[in-house]
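Working notes for the structure below.
The values are calculated or read from the model by the stated rules, or taken from the named source; none is laboratory data. Because the structure is predicted, anything quoted here is derived from the model rather than measured. Cβ sites come from the backbone with ideal geometry, for glycine too, and all protein chains shown count toward neighbours. The area values use the complete protein model at the heavy-atom level, side chains included, leaving out ligands, DNA and RNA. Shrake-Rupley method; radii C 1.70, N 1.55, O 1.52, S 1.80 Å.
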Amino acid sequence: MALKTFIREIGNISKKSLGRKHKLRRGRSHISPEASSSSYSPDGSSTTLIEQGQWANLLPELLSDIIRRVEARENCWPGRRDVVACASVCRSWRKITKEIVKTPEQCGFLTFPISLKQPGPRDTPIQCFIRRERATSTYRLYIGLSPALSGDLSKLLLTAKKVRRATRTDFMISLVGDDFSRSSNNYVGKVRSNFVGTKFNIFDSQPPHDSTVQSSCQSRLKTYLKQVPPWVSMSNYKTANISYELNVLRTRGPRRMQCIMHLIPISAIEEGGTAPTPMAFTNYLDEDSSPLIDSEGKKPQVGLNSTGYCKPPKSVQSAPLVLKNKAPRWHEHLQCWCLNFKGRVTVASVKNFQLVAAVEPSQNVTVAEREKVILQFGKIGKDIFTMDYQYPLSAFQAFAICLSSFDTKPVCE
């Protein structure tokens, strides 16, 4: 049987097993939830779904070989949907698929939603672009070179909604383009600025990957919190800080920024170092509810700040990775500040930047790692920007940093 016919059959099995009544929207990929393995009979009794279809009961060895071939054949979107379809057939298919599919650091591909929280590849950056919609204050991140070059091959990764408050600005980040509620499963984090737009905090919806941080946050939450309304989301963990320095040249000079990645140690870019890599979405609140305040209305105690965000222990905050913008050079002929974006940026803008690691001479970091551009962001057209990132940043972290560049900065400019 041809591989295309096999993939088509997989898609049919996936739809039947999930009981879908409507087709998936274009550009969205989901792994079927664990709870989808049971259903209710007409008389109201719970029954177990029997996996049916000629491919549902394949031998594990044969199934592994088939999925490996599918994974090796489809190395870009929209072809990667076939890999997601394999994981959507049933639990056994999902387990084997997740074992075969490697992380972006290892293969350079984005497959499942968790890939957006995992570090990018070490050698070559993942090329993306951001489309800004001024009317709705929405920012959409796609994987691809540009809208003109990618066309239908572009894949929506993340969407951010800009929400202005009285004293701050929030960018709510979601997996989809129409749901930014903190109580939703599509919510992945947010970026919050101060009043003047010079300092930003990045909040993740998932607990820190480090086991010591997870247990610390979980235990401190459970100590004094009793109950929470179902519409309130507790998942907010501060993971990074971004600061912009005062620019005496205003818009005529380049911005100066610094990013402190609290959950990425500086050892991640040292020889033999590794960055935190979550393998699945985790939410402790699914098992035990944990509210922002207790039944008596008291404020959070040790372990949480005044807004209810879990703070990692001081041991984790030691020696974090610090990123700084690469200093541009003045071009006499063009009479402007210039950076080598290698053709990925074509329009001059104060928003354009490149981030490199800020390391001390005493630290065990090679010259190549010191000069490597970890994240670059720049304008290529009206409301179109490119974003290229690589290890140790994830797509979510890179997107959050780029969102800070869109906010108004009256003090810096």
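Quick one: in segment 356-392, of everything that is among the aliphatic types (A, V, I, L, M) and out of contact with any helix residue (DSSP H, G or I) (no Cβ under 8 Å at 6 or more places or on another chain), which residue is nearest to LEU141 (Cα to Cα)?
Within segment 356-392, the match that is nearest to LEU141 (Cα to Cα) is ILE380.
Answer with yes or no whether THR346 is out of contact with any helix residue (DSSP H, G or I) (no Cβ under 9 Å at 6 or more places or on another chain), at pLDDT 85 or above and open to solvent by 30 Å² or more (accessible area, probe 1.4 Å). So that I can check it myself, show each step before the final result.
Values: out of contact with any helix residue (DSSP H, G or I) (no Cβ under 9 Å at 6 or more places or on another chain): yes; at pLDDT 85 or above: yes; open to solvent by 30 Å² or more (accessible area, probe 1.4 Å): yes.
It is true that THR346 is out of contact with any helix residue (DSSP H, G or I) (no Cβ under 9 Å at 6 or more places or on another chain), at pLDDT 85 or above and open to solvent by 30 Å² or more (accessible area, probe 1.4 Å).
Tell me which residues, restricted to segment 165-195, are assigned to a strand (DSSP E or B) and free of Cβ contacts under 8 Å to residues at least 24 places away in the same chain. Working first, answer last.
So the first thing to find is which residues in segment 165-195 are assigned to a strand (DSSP E or B), and the list is 169-174, 187-193.
Within segment 165-195, ASP170, MET172, SER174 qualify.
Do we have LEU116 as among the hydrophobic types (A, V, I, L, M, F, W, C), open to solvent by 10 Å² or more (accessible area, probe 1.4 Å), touching a strand residue (DSSP E or B) at 6+ places or on another chain (Cβ under 9 Å) and within 21 Å of TYR187 (Cα to Cα) here?
Criteria met by LEU116.
Considering only segment 349-383, state which residues are open to solvent by 20 Å² or more (accessible area, probe 1.4 Å), modelled with pLDDT of 90 or more and of a type in the set (Val, Ile, Thr).
The answer is VAL373, ILE380.
Only one of ARG122, ARG73, ARG68, ARG81 is touching a Pro at 6+ places or on another chain (Cβ under 9 Å) and open to solvent by 40 Å² or more (accessible area, probe 1.4 Å). Can you tell me which? Before the answer, list the steps.
On the way: ARG73 fails: touching a Pro at 6+ places or on another chain (Cβ under 9 Å); ARG68 fails: touching a Pro at 6+ places or on another chain (Cβ under 9 Å); ARG81 fails: touching a Pro at 6+ places or on another chain (Cβ under 9 Å).
Testing whether each residue is touching a Pro at 6+ places or on another chain (Cβ under 9 Å) and open to solvent by 40 Å² or more (accessible area, probe 1.4 Å) leaves just ARG122.
Quick one: how many residues across segment 202-225 are open to solvent by 40 Å² or more (accessible area, probe 1.4 Å) and either modelled with pLDDT of 65 or more or part of a loop (DSSP other than H, G, I, E, B) (or both)?
2
In this structure, is GLU105 more than 21 Å from the chain's Cα centre (by Cα), farther than 22 Å from ILE380 by Cα and open to solvent by 20 Å² or more (accessible area, probe 1.4 Å)?
no
Tell me whether segment 380-388 contains one or more residues that are more than 26 Å from THR169 (Cβ to Cβ), under 23 Å from the mean Cα position of the chain (by Cα) and of a type in the set (A, V, I, L, M).
No, because not a single residue in segment 380-388 is more than 26 Å from THR169 (Cβ to Cβ), under 23 Å from the mean Cα position of the chain (by Cα) and of a type in the set (A, V, I, L, M).
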